Each structure stands twice: as structure tokens, then as C-alpha cells.
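Heads up, the thing below is written out as C-alpha cells.
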Amino acid sequence: MLGMDNRATRASKAKMNKGFLKNLKDISVLVVHPQDRDGAFLVEHLERMGCTVEARWPVPDTLSGNVDIAFVAVDREHHATLKPYLKKLEDAGAAIIAVVDYENPATLQLVFDINALSVIGKPVRAFGLLTNLMVSHKLLTERRGLEAKLRRLEKRLVSQKNISAAIMLMMQMRQISEQDAYALLREQAMSRRTSIEKVAGSLIEANDLLNFRKPAK
């Protein structure tokens with residue numbers, strides 16, 4: 001029994017490691033760092049870990065493609081150039097890991113300015129690199145999930161507003177109750193095999209067209 005338990009444990013660990021390595025291969029990494037020893041080591045080690053890595057320096061003007069994680073050299077010399085580019089990265093949904101050579105209030109302020117999810121120090125070492133990468137990726141995944149949920153909620157809110165507006169229109173046009181107006185909208189949606197939100201939107205658009213007035217000259 002003990003031998004079977006050991007084999008099951010090893011098989012479970014092997015499966016977890018395989019999934020873990022697959023996750024690393026799916027991560028697109030950008031390294032924005034001077035082409036020095038730290039920059040070269042960072043790129044080499046990330047590639048050895050299995051990540052898809054792109055190195056860019058000097059700081060580019062535009063994004064080159066999809067980026068999940070960006071390792072970025074943070075210092076006062078390049079901060080003014082970096083900040084607009086990092087804003088583009090953040091807007092594109094990437095997570096930023098700051099690479100710093102000092103730990104002081106000024107450096108921390110730079111890190112806060114770029115909304116970094118994690119920080120690694122110089123000289124860059126292998127130890128801690130994987131942990132920072134995976135923690136940042138986990139936070140990024142959670143953030144993307146929350147953003148997607150927010151978009152769905154906003155879309156649902158707009159739909160509810162449209163339905164309410166359509167019900168009011170039906171009540172005014174047909175002199176019926178709110179309950180009857182909703183039932184009529186629902187009936188139209190079922191007969192057309194579409195959603196009640198689409199029927200409400202069509203009704204609002206038609207009403208806007210009928211009530212359109214040319215601006216006075």
C-alpha cells in the first residue's frame with residue numbers, strides 16, 4: 001500500500017509540474033532593460049524557464065504585440081521616457097515587474113508611479129525570479145477576471161436601463177400597465193427568438209427615429 005501511495009504521489013507531482021511548465025510557456029514576457037549583464041541574465045533565465053521573451057531597448061514608442069508580464073528597469077534617468085510607454089502596457093492589460101538597483105523612498109515612488117505588481121533587485125539573480133513571475137501572473141489573471149466581470153455588469157446595467165425605457169414607452173403608447181408592457185416585450189422577444197434586451201433596443205431606436213427633429217437654422 002505504501003508503494004502504491006508513493007507512486008500516486010509522484011504521479012500527482014509530475015502532473016502538477018507538467019501543468020506548471022505549460023503555464024510558463026503560455027506567458028508572454030517583455031524585458032525593457034538596458035543591454036547589460038542584468039538585462040542579458042534576465043532574458044536568458046526567463047527563456048530557460050520556458051517563457052516567450054522579447055527584449056526591447058532603448059524604450060520603444062509602440063507596443064509590438066501581446067504582453068502578459070513586463071520586466072522594466074526603473075531609474076530616474078529613464079523614468080520620463082518609460083512612464084508613457086508603461087501606461088500603454090498597463091492599458092493593454094500587462095502586469096509590470098520593476099527591476100531596481102536601490103531601495104529608497106525615491107525609487108519606491110517610481111515603482112508606485114508605474115503601478116508595478118512586484119519588484120526584483122539588482123544584481124538580478126535566479127532566486128525569486130520564478131516566484132515573482134508567477135505571483136504577478138496570478139494577480140494579472142485575477143485582475144483580468146475582475147475587469148471582465150465589470151464589463152459584464154456594465155453591459156447588464158445598460159440592458160436593464162434600455163428595458164426600463166422600453167417599458168415606459170410601451171406604457172405611454174398603449175396606455176397599459178408596467179406588468180403588461182413587460183409581458184408584451186417578453187412575448188415579442190419569444191416570437192422573434194431573440195433577447196428582450198434586443199427588442200427593447202430596437203423599440204428605443206425606432207422611437208428615436210420617429211421623434212427625430214432637424215435642428216433649427
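Just so it is clear, none of the values below were taken in a lab; they were calculated from the coordinates. The shown structure was predicted, so the numbers you read here are calculated from the model rather than taken from an experiment. With ideal geometry, Cβ positions are generated from the backbone for all residues, glycine too; neighbour counts draw on all protein chains shown.
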Given the C-alpha atoms of the range 151-210, compute the convex hull and give its volume per residue in Å³.
82 Å³
On Cα atoms only, tilt of 196-210 relative to the major axis of the chain in degrees:
60 degrees
Please name whichever of 200, 50, 158 sits farthest to the positive end of the charge dipole of the chain, dipole taken about the Cα centre and charges placed at Cβ: Lys and Arg +1, Asp and Glu -1.
200
Determine, at each q value in 0.22 (inverse angstroms), the log₁₀ of I(q)/I(0) that the Debye formula gives when each Cα of the range 22-127 is one equal point scatterer.
-1.28
Protection proxy (average C-beta count within 10 Å per residue), highest first, orders 111-119, 147-155 as 111-119, 147-155
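Using the scaling law 2.2 N^0.38 Å as the reference, what is the normalised Cα Rg of the chain?
1.60
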I want to verify a result. In a Gaussian network model of the chain, Cα cutoff 10 Å, which of these has the top mean-square fluctuation: 199, 74, 59?
199
For the chain, longest principal axis from Cα atoms; helix 129-174 axis from its Cα atoms; angle between them, nearest 10 degrees, is 10 degrees
